[in-house]
1. How do the strands (runs of 3 or more DSSP E) wholly within segment 387-504 filter down when requiring 2 or more residues that are in contact with an Asp or Glu (Cβ under 8 Å, 6 or more places away or on another chain): which remain?
2. Cβ contacts < 6 Å: first residue at pLDDT 80 or above, restricted to segment 129-143; second residue assigned to a loop (DSSP other than H, G, I, E, B) and open to solvent by less than 40 Å² (accessible area, probe 1.4 Å), any location; separation 6+ or different chain. Result?
3. Only one residue in LYS377, LYS459, LYS401, LYS463 is basic (Lys, Arg), over 30 Å from LYS262 (Cβ atoms), surrounded by fewer than 20 Cβ atoms within 10 Å (Cβ to Cβ) and touching a Phe, Trp or Tyr at 6+ places or on another chain (Cβ under 7 Å). Which one?
4. Could you please let me know if ILE311 is in contact with a Ser or Thr (Cβ under 9 Å, 6 or more places away or on another chain) and either open to solvent by 50 Å² or more (accessible area, probe 1.4 Å) or at pLDDT below 95 (or both)?
5. For residues that are open to solvent by less than 80 Å² (accessible area, probe 1.4 Å) and at pLDDT 75 or above, tally how many sit in segment 35-58.
6. For segment 293-301, check the following and say yes or no: at least one residue is more than 27 Å from GLU366 (Cβ to Cβ), acidic (Asp, Glu), open to solvent by 50 Å² or more (accessible area, probe 1.4 Å) and touching a residue at least 12 places away in the same chain (Cβ under 8 Å).
7. Given the criterion touching a His at 6+ places or on another chain (Cβ under 9 Å), part of a loop (DSSP other than H, G, I, E, B) and not aliphatic (A, V, I, L, M), identify the matching residue among ASP261, ASP293.
8. Which ones in segment 474-488 are farther than 21 Å from MET530 by Cβ and not hydroxyl-bearing (Ser, Thr, Tyr)?
Amino acid sequence: MSPSDGDDPWSSSDEDEGDELEDECFSFYSICSYNFKDASSPPSFDNLASALEYDVSTYGFDLLKHLLPPEHDDFYEGAIILVNKSRAFVRDNCNDSADKMEIGRILNEYLKKEALSTGSAGGDANMAYFKPQLEDDAMLMFIDELQALKENQAGSNDENPPAQTPRDNESIKHLQLKIEFLEEQLSRARKCIASFAAEDNGVNSLCAAEGSKFNTPPDNDTYYFSSYSNTSIHETMLRDTVRTAAYESAILSNAEYLFRDKTVMDIGCGTGVLSLFCAKAGARKVIAVDNSDILSQAKQIIELNGYGNVITCVHGKIESLIQENALPLSEGETVDIIVSEWMGYALFFETMLPSVLVARDALMTEVTGTMFPNVAKIFIEGANDQERLSYWNNVHGIDMKPMKQRMIQELTEEGLVEIVDDNNIRTNRAEMIAFDLNTIKDEELDFEAPFELHLEDSKAGNKSEVEVHQLVVSFDIDFSVSGAARVSFSTGCQSTPTHWKQTILWFNPLHNCPVLKRDKKDIMKGRFQMRRNVKNHRAIDMIVMWETGHFSRENERMWEKTGEGVLARSLQA
């Protein structure tokens, strides 16, 4: 049958095109979960709302909250920039192994810092984000729906909330399933606990049968203290002459001024070397505390050196010993000096200082008492390690560039602890924060501090521009009690290496690596965050929000930004 007049079988109406769009199956990927290395690994969703909800429930990230108001003239442009900028951030700064809530948190912070500008207001800086970061990104095809969801979110804050929708019912079902799952887990846990009371042999088979469904959280404290039962770690610390000689000099050079006839507490005494220094300096009483079994050797060493009548060794965690009144202190007796070598990589790794602060607040003599050392400072500087990167270009005449990519992936997974060659440093060493250990509070140990780095001519050579491949974190320690002989030591790469080495945060040199230009007098500035890891308080998480640029020659108050990013790395215990 021939078509009727006016009907063209080769054309389609707008309505037909709309139907085809509706019939086409789209895969939506959430912002935080998409893996650019393996597109098959992240979950996909058949609608936009489910992808956004997944980000909220799994990562604590709500894209809608960062969108411009739905009535804003630049809503469409802003939404495109926001989606692409968020995806670029996750791709460049978040590892698959990172804690999911931590990914959402640093993305939220990044976008708040950006205070997203769009259209002409964003200038050239945002032009790059009009290009999709994810090929065939379905989110970018449904900006209208994003706008509608944003309107619904705004409406939910009204005095009269909207009626419950089918999607609300789906969320309720999801929560009900989650409750059922948790109840099942609780039932398994009760069975396993009951088996402990019933018979020792039965528990192993029961828990093994449960397998991965019943996972006991790691006991980070037990692992931490048991690691200090190994001889090698004490040998490493004692052979660190920078560390050990600094303590020896600080104590013995202040024997008369600080230690003579005083009561001293050594927390984390290990082999007892610091306690022996204090006894040699004339301390009347030294209490040596440690929670590892190395304390048995410390007792023998102390007796062998003739100070058993001055030093008393006490086994246990200092918090428990204080609570249980188990320390050799009479009623109301305090300690004049607390000596401790509590420092870890990047200063706070292993998080021993909070325990020392508990002792300080509970036992140290007010006004005249002191921590020793009493000041700690954290520094940052920029390094270039081109030789390490270039090595793979020609290995005995063989091109091994694929190894370079593998190495970069490994270097950027987490923070590293290595000795950095001072010849690789390209910037100043900037002090970020200083801690008075006599007054610092526990909550202040999780901190955020500003920093500013600039090229140093003596280190940058004759190059017109320098890539900053690494941020190098180190610390300095001061024994600087007023009126006493001052002693200090540094773990910076300009000084004699210590067992703490330096902590290195690698940028990806193949993508968004900071560049400083000499002729522009570029600087790198930003904010550095360090905090205890949520799952393991002895590990630390570090986040650097950075930007590069310079001040305009025409207007010295005008900052011209040339690059920016967020670097997130952890030191895992």
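1. It comes to 430-436, 447-454, 470-479, 487-490.
2. Pairs found: ALA138/PHE26.
3. On inspection, the qualifying residue turns out to be LYS401.
4. For ILE311, the condition - in contact with a Ser or Thr (Cβ under 9 Å, 6 or more places away or on another chain) and either open to solvent by 50 Å² or more (accessible area, probe 1.4 Å) or at pLDDT below 95 (or both) - is not met.
5. The number of residues fulfilling the criteria is 16.
6. Yes: segment 293-301 contains one or more residues that are more than 27 Å from GLU366 (Cβ to Cβ), acidic (Asp, Glu), open to solvent by 50 Å² or more (accessible area, probe 1.4 Å) and touching a residue at least 12 places away in the same chain (Cβ under 8 Å).
7. ASP293
8. PHE479, VAL481, GLY483, ALA484, ALA485, ARG486, VAL487
The values are calculated or read from the model by the stated rules, or taken from the named source; none is laboratory data. Computed from a predicted model, the values in this text were never measured in an experiment. With ideal geometry, Cβ positions are generated from the backbone for all residues, glycine too; neighbour counts draw on all protein chains shown. Remember, those area values only see protein heavy atoms, side chains included, never the ligands or the DNA or RNA. Shrake-Rupley method; radii C 1.70, N 1.55, O 1.52, S 1.80 Å.
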